[in-house]
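Reviewing the structure listed below.
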Amino acid sequence: MANIFTELKKRKVFNSAAIYLATAFVILQVAQIIIPALHIPSWTLSFIVVLLILGFPIVVIFSWIYDVGNEGFVKTDSSKPEAEDEAQPAGMKKSSLFGIVTSIVITIFMIYKGVDFFTTSNKASGKISIAVLNFDNIRKFKDYDWLGERIASNLTFKLGEISQISMIDRLQILTKLGEID
């Protein structure tokens with residue numbers, strides 16, 4: 001078992017995995033900000049997560065087979081002498097350990113964030129959902145424009161006090177109505 005870990009360290013698989021997980025974490029954070037801002041469909045974030053999960057084994061396999069150096073991508077030679085590992089500075093061991101710990105922490109955070117993301121919208125609360133929209137001033141009196149919004153606000157507040165009713169935000173409803181049009 002120790003031989004596998006030394007071979008993984010020699011081929012820099014741990015470093016590649018840590019770099020990939022850190023990059024995937026940054027991509028997901030940026031996607032969570034950009035996707036809603038650009039009104040991109042919400043399934044896009046799930047698609048990005050699936051692509052990143054599928055890409056992880058590919059990166060690990062390629063980092064096992066190939067090594068990146070001054071000559072570009074070179075197939076890793078498994079028959080390198082062990083004396084080469086002893087010539088490396090002691091800092092390499094610390095950086096490998098740091099990469100492993102960082103990748104574990106990022107993976108755990110992504111798992112919990114992903115579980116939270118996929119389960120919150122699928123829960124049914126069992127409550128009646130109501131949305132109160134603004135009342136329209138059909139007489140078009142300028143002095144009473146504020147009244148429609150004030151009545152809707154008060155009605156929303158009073159209905160929100162009832163525990164069996166779940167109030168839906170007006171902004172969400174108006175956004176959905178804009179998407180339908």
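The values are calculated or read from the model by the stated rules, or taken from the named source; none is laboratory data. Predicted, not measured: the structure shown is a model, and the values here were computed from it. Methodologically, a virtual Cβ is constructed for each residue, glycine included, from the backbone with ideal geometry; neighbour enumeration extends over all protein chains shown. Side chains are part of the model used for accessible areas, which takes the heavy atoms of the whole protein and leaves out ligands, DNA and RNA. Shrake-Rupley method; radii C 1.70, N 1.55, O 1.52, S 1.80 Å.
Going through segment 138-181 one residue at a time, which ones are of a type in the set (A, V, I, L, M) and surrounded by 10 or more Cβ atoms within 10 Å (Cβ to Cβ)? It would help to see each step written out before you state the result.
Initially, segment 138-181 is screened for residues of a type in the set (A, V, I, L, M), giving 138, 147, 151-152, 155, 159, 162, 165, 167-168, 171, 173-174, 177, 180.
Within segment 138-181, 147, 151, 152, 155, 159, 162, 165, 167, 168, 173, 174, 177 meet the criteria.
Applying the selection to segment 130-161, what residues are in a loop (DSSP other than H, G, I, E, B) and in contact with a strand residue (DSSP E or B) (Cβ under 9 Å, 6 or more places away or on another chain)? Let's see the steps before the verdict.
Initial filter on segment 130-161 (in a loop (DSSP other than H, G, I, E, B)): 131-141, 161.
Once the filter is applied, which keeps residues that are in a loop (DSSP other than H, G, I, E, B) and in contact with a strand residue (DSSP E or B) (Cβ under 9 Å, 6 or more places away or on another chain), segment 130-161 yields 131, 132.
If I filter segment 51-65 down to residues being aliphatic (A, V, I, L, M) and open to solvent by 80 Å² or more (accessible area, probe 1.4 Å), which single residue comes out as farthest from residue 25 (Cα to Cα)? First the steps, then the outcome.
So in segment 51-65, the residues aliphatic (A, V, I, L, M) come out as 51-54, 58-61, 65.
Of the ones still in play, those that are also open to solvent by 80 Å² or more (accessible area, probe 1.4 Å) are 51, 53-54, 58, 61.
Working: 51: 13, 53: 11, 54: 14, 58: 17, 61: 20 Å.
Restricting to residues being aliphatic (A, V, I, L, M) and open to solvent by 80 Å² or more (accessible area, probe 1.4 Å), the top hit is 61.
Could you grab the pairs with beta carbons closer than 7 Å, sequence gap of 6+ or different chains, first residue in segment 30-56 and farther than 24 Å from residue 176 by Cβ, second one of a type in the set (Phe, Trp, Tyr) and surrounded by 11 or more Cβ atoms within 10 Å (Cβ to Cβ)?
56/20
Among the residues of segment 57-67, how many are touching a residue at least 40 places away in the same chain (Cβ under 8 Å) and β-branched (Val, Ile, Thr)?
2
Can you pull out every residue in segment 1-59 that is hydroxyl-bearing (Ser, Thr, Tyr), over 30 Å from residue 97 (Cβ atoms) and in a helix (DSSP H, G or I)?
Hits for segment 1-59 are 44, 46.
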